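Peer 1: Structure below; questions to follow.
The values are calculated or read from the model by the stated rules, or taken from the named source; none is laboratory data. Just so you know, these numbers come straight off a predicted model, no measurement behind them. No Cβ is skipped: glycine too gets one built from the backbone with ideal geometry, and neighbour counts run over all protein chains shown.
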Amino acid sequence: MGRVNSKACVVTGAGSGIGKAIAERLAEEGGKVLCVDLNGDTAAAVAEGIQNAGGMATAVAADVSDRVQVDAFIAQCVAEYGQIDVLVNNAGVNIPGVFHEVPDAVIDKTLNVNVKGPMYGCRAAIPHMLKSGKGSIVNISSVNGLVSEPFLAVYSASKGAVVMLTRGIALDYAKQGIRCNAICPGWVDTPINYAHAEMLGGLQKVYDSIDSFQPIGRPGEPREIAHLALFLASDEASFLTGSIIAADGGMTAQ
Ligand code: ADP
């Protein structure tokens, strides 16, 4: 018996990095996973990898900032797997910049993908979870939802919104069997951080100085975030809702 055996799961941004690791980890523990990504090829490759390893997965290309597409992939999960038990809102963008020079398009894109995306996902999934009387939503925020860093004001604002969306949904549905929690990853080695690393002098420079901001002294690995997402998705986390959990190698302990 897997830890999320037979649970119908949707993971957004499943084509890469943390989302990929979460999709794989859920499938390893018996979850039926719909892998959603803007990039349909990477989502399909992740689903194929899961199938080859004996797990159950399907892929769909979709943009989480488009309400119609979000409604469609939630409906697809219910049609294919009979239910939606777990929603992992992981898809995100991080476009760093000097704040007073940030173009409208960057503000809009960041808020549309990082904030409206999870809102649309939750809004579409919750009616199905209410019908079954259970569900677990896992929002991937960031340490930047708790503390900011140079060049990340817009990204940090979006991830702070994810923290409060998580708390709000947790309160609204606490008595109806739907749990909603957020993970705030520290610096994890995934492409979403590469543009920020460039602005800080390059990835090597960031990693050479990682001790100064991430006490554990190394970048996190996507799988280390996925273990926590699996726990929150599973019934083992039955008493957790509205929790905002930093998985950050000690970054926010400073
Ligand atoms: P992380 O591992 O930290 O989530 P990555 O950059 O490795 O960061 O992965 C983010 C994933 O989210 C990518 O696969 C990317 O294609 C996906 N993504 C980005 N924007 C959207 C969007 N609007 N809709 C769906 N997926 C998206």
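Peer 1: Output the number of residues of segment 15-30 satisfying the condition of being of a type outside the set (V, I, T) and over 12 Å from T42 (Cα atoms).
Peer 2: Filtering segment 15-30 down to residues of a type outside the set (V, I, T) leaves 15-17, 19-21, 23-30.
Next cut, over 12 Å from T42 (Cα atoms) only: 21, 23-30.
The qualifying residues number 9.
Peer 1: Can you tell me which residue within segment 36-85, out of those that are among the polar types (S, T, N, Q) and assigned to a helix (DSSP H, G or I), is nearest to the ligand (Cβ to nearest atom)?
Peer 2: First pass over segment 36-85, keeping only residues among the polar types (S, T, N, Q): 39, 42, 51-52, 58, 65, 69, 76, 83.
Okay, now just the ones that are also assigned to a helix (DSSP H, G or I), so 42, 51-52, 69, 76.
Working: T42: 6, Q51: 19, N52: 20, Q69: 8, Q76: 14 Å.
Within segment 36-85, the match that is nearest to the ligand (Cβ to nearest atom) is T42.
Peer 1: While we're here: Filter segment 1-19 for residues that are more than 21 Å from I126 (Cα to Cα) and more than 7 Å from the ligand (Cβ to nearest atom); which is modelled with the lowest pLDDT?
Peer 2: Filtering segment 1-19 down to residues more than 21 Å from I126 (Cα to Cα) leaves 1-3, 15-18.
Checking which are more than 7 Å from the ligand (Cβ to nearest atom) leaves us with 1-3.
Working: M1: 82, G2: 97, R3: 98.
By that ranking, first place goes to M1.
Residue by residue, here is whether (1) of a type outside the set (V, I, T); (2) surrounded by fewer than 21 Cβ atoms within 10 Å (Cβ to Cβ); (3) not in a loop (DSSP other than H, G, I, E, B) holds:
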| site | (1), (2), (3) |
| --- | --- |
| V162 | no, no, yes |
| T166 | no, no, yes |
| Y173 | yes, yes, yes |
| A182 | yes, no, yes |
| A195 | yes, yes, yes |
| D211 | yes, yes, yes |
| L240 | yes, yes, no |
| T252 | no, yes, yes |
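Peer 1: Quick test of your reading of the structure: N112 fulfils all but one of (1) near the ligand (Cβ under 10 Å from one of its atoms); (2) touching a residue at least 60 places away in the same chain (Cβ under 8 Å). Name the failing condition by number.
Peer 2: (2)
Peer 1: In segment 20-29, how many are more than 16 Å from the ligand (Cβ to nearest atom) and among the charged types (D, E, K, R)? Outline the logic, then answer.
Peer 2: At the first step, the residues of segment 20-29 found to be more than 16 Å from the ligand (Cβ to nearest atom) are 27-29.
With among the charged types (D, E, K, R) added as a condition, the list becomes 28-29.
Counting residues in segment 20-29 that are more than 16 Å from the ligand (Cβ to nearest atom) and among the charged types (D, E, K, R) gives 2.
Peer 1: Does segment 202-217 include one or more residues that are among the acidic types (D, E) and more than 24 Å from V115 (Cβ to Cβ)?
Peer 2: From segment 202-217, those among the acidic types (D, E) are 208, 211; that's our starting set.
With the extra rule that they be more than 24 Å from V115 (Cβ to Cβ), the set shrinks to 208, 211.
The answer is yes; a qualifying residue exists.
Peer 1: Is one or more of the residues making up segment 87-109 surrounded by fewer than 23 Cβ atoms within 10 Å (Cβ to Cβ), within 18 Å of the chain's Cα centre (by Cα) and assigned to a helix (DSSP H, G or I)?
Peer 2: Among the residues of segment 87-109, at least one is surrounded by fewer than 23 Cβ atoms within 10 Å (Cβ to Cβ), within 18 Å of the chain's Cα centre (by Cα) and assigned to a helix (DSSP H, G or I), which makes the answer yes.
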